[in-house]
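The values are calculated or read from the model by the stated rules, or taken from the named source; none is laboratory data. Here the structure is a predicted model, which means the values were calculated and not measured. Here the Cβ positions follow ideal geometry from the backbone for every residue, glycine too, while neighbour counts run over all protein chains shown. We work out accessible area using only protein heavy atoms, side chains counted, and drop any ligands, DNA or RNA first. Shrake-Rupley method; radii C 1.70, N 1.55, O 1.52, S 1.80 Å.
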Amino acid sequence: MKTVCRVLSAAILVIFILLYLPLTVPQLFGYDCSAVVSASMEPAIKTGALVYFAPVDPVRLTEGDVIVFRSSYGTDVSDVCHRVVSNDTEKQEIITKGDANSNNDFVPARYDLVRGKVVKTIPFGGNIALFLTSVGGKRSMAGLLLPAVLLHIAGSSAERKTKRR
């Protein structure tokens, strides 16, 4: 009993850790990540992908680079992942366009809104990230941790009983 409880408890914790590693570890190396929620960059970057980006001096961005920048439409502020069309260093703004879009973005990305240059993408990783960071996802993960803790307690209790005998 104690071994089964400990193994199940450890397995649940390993699953938990493996799900959150891609969201946390890259930050230790200066990278950040964002989920792609639209098809504007397809086929290069599919909806649901997770993009990792590194800070970059906007002056160094060139045509063809894929960047993440902050954009706001009304009260909605979000990250946008689009390709650099041109970089106007005098105006300090970048003209961008989604690969699947027929026109350039209506509003240029100002230098102060550029979050970084995309260095890696993980297909479907964004869907997982969005779930894990949502209220429902956090509740699900808490619901996953509770059985792990209870199994650990049950295993420890069974071990103490065995030692007493």
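Using only Cα atoms, locate the centre of region 40-86 and the centre of region 97-155, then give the distance between them in Å, rounded to an integer. Computed from Cα coordinates, the inter-centre distance equals 15 Å. Model label points for Ser78 and Ala54, set 7 angstrom from Cα along the Cα-to-Cβ axis, are 2.8 nm apart. When all alpha carbon pairs of region 70-133 are counted in 10 Å bins from zero, the resulting P(r) reads 18, 45, 32, 6, 0 %.
Shape call for the chain from the C-alpha gyration tensor, a ≥ b ≥ c root eigenvalues: rounded (a/c under 1.5), prolate (a/b greater than b/c) or oblate?
Details: a/c = 3.66, a/b = 3.15, b/c = 1.16.
Cα axes put the chain in the prolate bin.
Distance between the 7 Å Cα→Cβ label points at Val135 and Tyr20: 2.1 nm. Based on Cα contacts under 8 Å between residues 6+ apart, region 1-107 shows a relative contact order of 19 percent. The residues of the chain expose, per residue, 63 Å² of accessible area to a 1.4 Å probe.
Taking all protein chains as present, what is the carbon and sulfur share of the accessible area of region 12-165, in % to the nearest whole number, probe 1.4 Å?
On the way: 5740 of 9550 Å².
So the carbon and sulfur contribution to the accessible surface is 60 percent.
With K and R counted +1 and D and E -1, the other residues having a Cβ less than 15 Å from that of Ala129 yield a net charge of +1. In the chain, helical runs assigned H by DSSP with n ≥ 4 each contribute -39500 (n - 2.57); averaged across all residues and rounded to the nearest 500, the mean residue ellipticity at 222 nm is -14000 deg cm²/dmol. Backbone N atoms of region 80-94 closer than 20 Å to the 7 Å Cα→Cβ label point of Asn103 belong to residues 80-87, 94.
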